[in-house]
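Right, one structure below, let's go through it.
Taken together, the values in this text are just the output of simple stated rules run on the coordinates, not laboratory data. On a predicted model such as this, the values are computed, not experimentally measured, just so you know. Heads up, the Cβs are rebuilt from the backbone with ideal geometry, glycines too, and the neighbour counts pull from every protein chain shown.
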Amino acid sequence: MALSSPPLHNLSSLISSHGVATATSRTPARRYLAVHAAASDTTTSLKVSTFEEGNLVRPKWTGETPLSRLVRALISFKPLYSILKLGARQVLISTAEKNNIPWREMTKEILESDVYKELDTIQNKSLVYPDYYLNPFHAYDEGNLTWLAAAEAEAATKSMVRRAIPTASSVDEATQILRGNWLNAIEQHHLQHSQTSTIDDILDIGCSVGVSSRYLADKFPTAKVTGLDLSPYFLSVAQHKEKRGTTRKNPIKWIHANGEDTGLPSKSFDLVSIAYVFHECPTRAIVNVVKEAFRLLRPGGTIAMTDNSPKSKVLQELSPVLFTLMKSTEPFLDEYYLTDMDETVREAGFVNVTSILTDPRHVTLTATVPQ
Ligand SMILES: C[S@@+](CC[C@H](N)C(=O)[O-])C[C@H]1O[C@@H](n2cnc3c(N)ncnc32)[C@H](O)[C@@H]1O
C-alpha cells in the first residue's frame, strides 16, 4: 500500500505535549479527534474517530497482581502451558483468517520460497544477543530466532493493525489509518521542530520483516532508509520481499545488530523510528535504545516511538484476564507499561517531547535532539 497517497489526518490540531505523569489517576481524559479520508477504488469518504484516553496513567492490571501470580503459577506447569499456547495460536490464526488476512497462505508462500539464501548475506555471526531476546516469545519457543516466526510476522502485524482499529471496513483501511497517522505525526513534528527540516537518513530500529521500513521509504522517498533488527530471519524475509517489490531509487539497507549498541557512526541520521518494539523489551533495553538513538541523531533530528499507549481508554478497559494471558507470551509487557516513556526520552537529552494517540490503542511519541 502506498502511504504517500491520501493525507489521512490533519494532525497539527491534535498534537499536545504531555507533562510527567506521577499519579495513578488523572483528569481530564484527553480525546484526539481524527478525520481520515478513506479512499476506496471509486470513492473517497470521510470518517471521524475519537482516540480516547482513559482516566488512569496506566491500566490497573499492570504490574504484579494476584491474577498475574495465578496465571504464572498455572503456566509454569509445562503441559498446561503447551495446551494453552496451542489454543491461543489457533485462535490467532482463525481470527486473522476471518478478518481476510490469509495467515496460512502468507506463511506458506514465505516458507516455500528461496528466502533461506538471504540469511548468509544478512547474518552477523559475531553478534551477541541480549539475554532477554533468547526467551520464548509470542508462543515461539525460540522467540524471534526462527523461520516460522519470520514467515508469520507480516500476517501477525496485519492482525495487530486490525485489532487496533476494529471500526475500519477492511485491513487495508485500518493500515492506512494506523500507519498514516504515525507517519504524519513524524512529519509534522520534524517540520515543526527541526530547522534543517529535510530527512535524508532514516534508521528503523526493530524493523522486523521490513513493513515499517517500507512505509518510511514510501513516505520519505528521497531519504536513505536503514532497517535494523536482532533477528536475521526477520531481516532475511525483509530483504527477500524488498527484492520482489518495486525498485527504489534508494534501496533499503538491512542491518543485523542490536538497537542498544548499533556500532553505527554518531550523528548519522535525521530520523530514528522505533515502531512496536518497546513492549517487547525490558526497561533497561528501552533506556539503552533511546540513548543510542540520541547518539545516532544529528542535532535537530527526530526520534519517533510508536507502541501501545498505557493511557488508551480501550487498553485500560481490556479484560484483566485477557491481558494477564497476553503477558504469558509477551514477557516484558509489564515493564513497558511501567516505564514512563516521556520521561525516559527527556532523561536521554531530547526536547520537544510530544505524545499523541495516533489510533485508539497506540501512542506516537516524537522528540528532538537539541540543535
Ligand atoms: C513487533 S516487531 C516490530 C514491527 C515493525 N517495526 C513494524 O512496525 O511493523 C518488534 C521487533 O523488534 C526487534 N527487536 C527487539 N529488541 C531489539 C533490539 N534490542 N534491537 C533491535 N531489534 C530489536 C524484534 O526482533 C522484532 O523484530
Output the Cα-based Rg and Dmax of the chain in Å, rounding Rg to one decimal and Dmax to a whole number. 19.7, 58
Net charge over other residues, Cβ less than 10 angstrom from the Cβ of Ala367 (K, R count +1; D, E count -1): 0
Rg to Rh quotient for segment 248-371, alpha carbon positions, Kirkwood Rh: 1.00
Would you work out the charge dipole size for the chain about its Cα centre, treating the Cβ of every Lys and Arg as +1 and the Cβ of every Asp and Glu as -1, and quote it to the nearest 20 debye? 440 debye
Using alpha-carbon pairs under 8 Å, 6+ residues apart, how would you state the relative contact order of segment 11-368 in percent? 22 percent
Please compute, over every Cα-Cα pair in segment 152-230, the percentage with a separation greater than 20 angstrom. 38 percent
Potential extension, Glu105-Glu142 segment - 0.36 nm per residue separation minus Cα distance: 11.1 nm
Per-residue ellipticity at 222 nm attributable to helices in the chain (runs of n ≥ 4 DSSP H, -39500 (n - 2.57) apiece, nearest 500 deg cm²/dmol) works out to -12000 deg cm²/dmol
Tyr116-Ser319 pseudo-label distance in nm [points 7 Å out on the Cα-to-Cβ vector]: 4.2 nm
By the mean-Cβ-within-10 Å protection proxy, highest first, 356-365, 315-324, 108-117, 149-158 rank as 356-365, 149-158, 315-324, 108-117
Past 24 Å, Cα to Cα, is the threshold; run Lys117/Lys253; Lys108/Lys243; Lys108/Lys219; Lys219/Lys291; Lys219/Lys267; Lys253/Lys311 against it and keep the listed order. Lys108/Lys219; Lys219/Lys291; Lys253/Lys311
